[in-house]
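Enquirer: Take a look at the following structure, please.
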Amino acid sequence: QVQLQESGPGLVKPSQTLSLTCTVSGGSITTDLYYWSWVRQPPGKALEWMGATGGDGSINYSPSLKSRTSISRDTSKNQFTLQLRSVTPEDTAVYYCARCTALTIATCSRDYWGRGTQVTVSS
């Protein structure tokens, strides 16, 4: 069965880069059936789709975050990564990785999300 797990530092300083890794087990991120996605939820706010990598290596970003976001993958480790540059306290959120079938949160099955990881932006 497919499982996803986020990892990375829980505290990032303002203006620096937030970096997270999602490790996938039980399925290959190279299959063209899915978009391996990053989603976040700031406190008191809605879930926000950030971007994704497809099985063919394609990359898509939310327009609101595109200028600051980089997503990449390491197929040898079955991992994909998120980098969010120039962070501010508004980027404080729980960050999730998820397997989706399109570029919207509604297509991400509840069974194929990581547990999420809290990232706080603070000096």
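The values are calculated or read from the model by the stated rules, or taken from the named source; none is laboratory data. As the structure is a prediction and not an experimental result, all values here were calculated from the model. Positions of Cβ are generated from backbone atoms using ideal geometry, with glycine treated the same way; all protein chains shown enter the neighbour counts. Please note that ligands, DNA and RNA were not included when accessible areas were found on the heavy atoms of the full protein model with its side chains. Shrake-Rupley method; radii C 1.70, N 1.55, O 1.52, S 1.80 Å.
Enquirer: Please give the residues of region 72-97, grouped as numeric ranges, whose backbone N is less than 15 Å from a label point set 7 Å along the Cα-to-Cβ vector of residue 25.
Expert: Output list for this probe position: 77-79.
Enquirer: What does the charge count around residue 119 come to, taking other residues whose C-beta lies under 9 Å from its C-beta (Lys +1, Arg +1, Asp -1, Glu -1)? All intermediate terms of the calculation are to be shown ahead of the outcome.
Expert: Numbers: positive: 40; negative: 91.
Counting the neighbours of residue 119, the net charge comes to 0.
Enquirer: Enumerate the amide H contacts of residue 92 below 5 Å, restricted to partners 5 or more residues apart or on another chain; note that Pro and chain-start residues carry no placed amide H.
Expert: 121
Enquirer: What number results when the radius of gyration of the chain, computed over Cα atoms, is divided by 2.2 N^0.38 Å?
Expert: 0.97
Enquirer: Okay, moving on. Put a dot 7 Å past each Cα toward the Cβ at residue 58 and residue 16; how far apart are the dots in nm?
Expert: If labels sit at residue 16 and residue 58, their model points lie 3.5 nm apart.
Enquirer: Still on this model: Determine the per residue accessible area of the chain with all protein chains present and a 1.4 angstrom probe, expressed in square angstrom.
Expert: On a per-residue basis, the chain sits at 52 Å².
Enquirer: Under the Karplus relation 6.51 cos²θ - 1.76 cosθ + 1.60, θ = phi - 60°, what is the ordered set of whole-Hz ³J(HN,Hα) values for region 72-78, x standing for Gly and Pro?
Expert: So the J values, rounded to whole Hz, are 9, 9, 10, 5, 5, 9, 6.
Enquirer: How much of the accessible area of region 1-118, probe 1.4 Å, is carbon plus sulfur, in whole percent?
Expert: 48 percent
Enquirer: From the phi angles alone, apply the Karplus equation (6.51, -1.76, 1.60; θ = phi - 60°) to region 48-60 and give each ³J(HN,Hα) in whole Hz, x where the residue is Gly or Pro.
Expert: Result, rounded to whole Hz: 10, 6, 9, x, 7, 10, x, x, 8, x, 5, 10, 9.
Enquirer: Would you work out the charge dipole size for the chain about its Cα centre, treating the Cβ of every Lys and Arg as +1 and the Cβ of every Asp and Glu as -1, and quote it to the nearest 20 debye?
Expert: Dipole about the Cα centre, nearest 20: 200 debye.
Enquirer: Also, I was wondering about something else. List the residues whose amide H sits under 5 Å from the amide H of residue 103, counting only those 5 or more places along or on another chain, with H placed 1.01 Å from N in the peptide plane.
Expert: Amide H to amide H, under 5 Å and 5 or more residues apart or across chains, residue 103 pairs with nothing.
Enquirer: What residues from region 6-24 fall in the zone where the backbone N is under 17 Å from a label point 7 Å along the Cα-to-C-beta line of residue 85?
Expert: So the set is 13-20.
Enquirer: With the contact rule set at Cα under 8 Å and sequence spacing of 6 or more, what percent relative contact order holds for the chain?
Expert: 35 percent
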